[in-house]
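Notes follow once the structure below has been shown.
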Amino acid sequence: NAGMRGKKGSVYEGGHRVPCFIRWPGGGISGGKDIQYLSAHIDLLPTLIELCDLQVPGRIDFDGKSLAPILKGKGTNWPERTLIIHNQRVDFPIKWKDFVVMTSEWRLVGNELYDIRKDPGQHLNIASNHQDVVQKLRQEYENWWEDISQRFEEYAPIYIGTDKENPVKLTSHDIHGQVAWDQRHVLQNSRCDGFWVVDVCQEGLYEISVCRWPEEANIPIHEAPEKGV
């Protein structure tokens with residue numbers, strides 16, 4: 001894992017740090033250089049908007065920042081920023097669960113603090129020696145949580161009965177409860193209990209069909225596909 005700590009699902013560096021390759025010779029972006037500034041997935045949309053010279057209707061405040069200036073070599077004074085990610089995997093997010101607060105210098109992972117420049121493998125927890133940094137980053141988390149948590153106690157429904165999506169596919173992965181979340185579970189006929197959260201947008205007569213396999217496979221629900229299908 002390139003010497004990074006953690007793996008998929010972890011909030012240590014090895015669980016979320018990924019490469020992002022951008023090349024667009026016709027737009028003035030070529031290869032052959034590394035950009036070390038702290039960035040995240042939230043930066044991609046404002047970046048594409050600027051690169052494509054799109055007009056955004058109304059006033060929209062993006063959490064991300066456009067990377068276009070530094071991709072074109074014009075953004076040498078990239079401002080210091082704090083980014084936060086968390087791993088929830090629950091219906092209603094829980095404060096302080098599996099999070100990391102990131103700056104260009106620090107990683108606050110729970111109650112642990114790492115100097116990411118000197119210790120990219122996150123071997124040495126130095127929180128006890130830098131309580132001022134810990135408190136500052138915890139306050140950054142508090143501010144972030146206050147900003148994003150206003151509707152955390154609501155389900156996000158799946159809308160049915162609109163012309164935006166017809167038919168609507170409700171997958172086992174969308175179930176709240178015990179789910180069959182990968183192909184092995186489906187193949188093994190694993191039990192799947194729970195409920196979907198839906199918002200029926202208009203009254204009417206709805207036709208519902210149940211498929212265990214992809215519809216185009218044309219395989220009966222109690223049969224397994226042949227090997228290799």
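Once region 177-189 is narrowed to residues that are surrounded by 12 or more Cβ atoms within 10 Å (Cβ to Cβ) and touching a Gly at 6+ places or on another chain (Cβ under 7 Å), the residue that is farthest from Pro225 (Cα to Cα) is Gln178.
Look at region 35-57: where a residue is aromatic (Phe, Trp, Tyr) and a partner is open to solvent by less than 50 Å² (accessible area, probe 1.4 Å) and part of a helix (DSSP H, G or I), sitting 6+ places away or on another chain with Cβ atoms under 9 Å, you get Tyr37/Ile70. Does region 105-126 include one or more residues that are surrounded by fewer than 17 Cβ atoms within 10 Å (Cβ to Cβ) and hydroxyl-bearing (Ser, Thr, Tyr)? No, that holds for no residue. Of all residues in region 36-66, those satisfying the criterion of being out of contact with any Gly (no Cβ under 6 Å at 6 or more places or on another chain), under 18 Å from His16 (Cβ atoms) and surrounded by 10 or more Cβ atoms within 10 Å (Cβ to Cβ) are Tyr37, Leu38, Ser39, Ala40, His41, Leu44, Asp63, Gly64. Elements of the type strands (runs of 3 or more DSSP E) sitting completely within region 151-229 and holding at least 3 residues that are modelled with pLDDT of 85 or more and in contact with a Lys or Arg (Cβ under 8 Å, 6 or more places away or on another chain): there are none. Consider region 190-205 and keep the residues that are of a type outside the set (Gly, Ala, Ser) and open to solvent by less than 100 Å² (accessible area, probe 1.4 Å). The one that is farthest from Ile175 (Cα to Cα) is Cys201. Per the listing Asn143, Asn125, the residue uniquely touching a Leu at 6+ places or on another chain (Cβ under 7 Å) and modelled with pLDDT of 95 or more is Asn125. Of all the residues in region 206-229, those that are surrounded by 10 or more Cβ atoms within 10 Å (Cβ to Cβ), closer than 16 Å to Leu170 by Cα and hydrophobic (A, V, I, L, M, F, W, C) number 2.
The values are calculated or read from the model by the stated rules, or taken from the named source; none is laboratory data. Being a predicted model, the structure only gives us computed values, none of them experimental. Neighbour counts are summed over all protein chains in view; Cβ atoms, including those assigned to glycine, are modelled from backbone coordinates with ideal geometry. Note: accessible area is taken over every heavy atom of the protein model, side chains too, but ligands, DNA and RNA are not part of it. Shrake-Rupley method; radii C 1.70, N 1.55, O 1.52, S 1.80 Å.
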